[in-house]
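A.B. asks: Let me give you the structure first, and then I'll get to my questions.
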Amino acid sequence: MNRLREGFGSAPEAASNASRGFFARLSSFPLLHRAQPAVLILGLAGGFLLAITDFLTVVHVEVVTASCQDLATPSLADSCVSKGSEQHSWALLVLGLLALAMTYGAAAGRSRPAAAALLLIGVGALAVFFAVDLPDVSKTGQIGLNFANAQAKAGAGFWTELVGACLLVFAGAVGLTRARR
């Protein structure tokens, strides 16, 4: 105690203020600017949702009396459930992985081309959604011809595709407005 009073030593100072919050700590991430956490979070979420869409059911056909697979002949049983990979030939997985890479460039590097790429990936995914998946939600196909009560319904992949594409469009737009001037 006497040494402290005499100036032989001092108490160590705190290294950092740990109460600054999530976004303040996120801004200390290497190369990540304070204005970019929204781009990072939206881009990662949108890219992930787009990538998992190809593994989920996009459209499925329901028959009131029993399950579609039980009623359909073996050749038609495959048309009861349509996965994302069958609908888009793995295109959304590729777009989702590309979006994850562009997210880092748009958020960490504040790159305008990466932000524009995020915007274009989102628009491309929305084009696939409106051109390929949305029309299929109302089509029962061959199952509908055989069973009058058949109904086509949207699956989880239908919604993850829509939300992921919208998040990427928004992330790209935010990245373009907040990019380096």
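None of the figures in this text is laboratory data; all of them are computed from the coordinates on show. Please read all numbers here as calculations on a predicted model, not as lab measurements. All Cβ positions, glycine included, derive from the backbone under ideal geometry; neighbour counts span all protein chains shown.
A.B. asks: Calculate, for Leu145 and Val94, the FRET efficiency according to 1/(1 + (r/R0)^6) with r their C-beta to C-beta distance and R0 45 Å; round to the nearest 0.05.
C.D. replies: E(calc), rounded to 0.05, equals 0.85.
A.B. asks: Taking a virtual spin label 7 Å from the Cα of Trp159 along the C-beta vector, which residues in the stretch 105-137 bring their backbone nitrogen under 19 Å of it?
C.D. replies: 126, 129-130, 133-137, by backbone N distance to the label point.
A.B. asks: Right, here's the next one. When the Karplus curve 6.51 cos²θ - 1.76 cosθ + 1.60 is applied with θ = phi - 60°, which whole-Hz ³J(HN,Hα) does each residue of the stretch 89-106 get, with x for Gly and Pro?
C.D. replies: 6, 6, 5, 6, 5, 5, 5, x, 5, 5, 5, 4, 5, 5, 4, 5, x, 6
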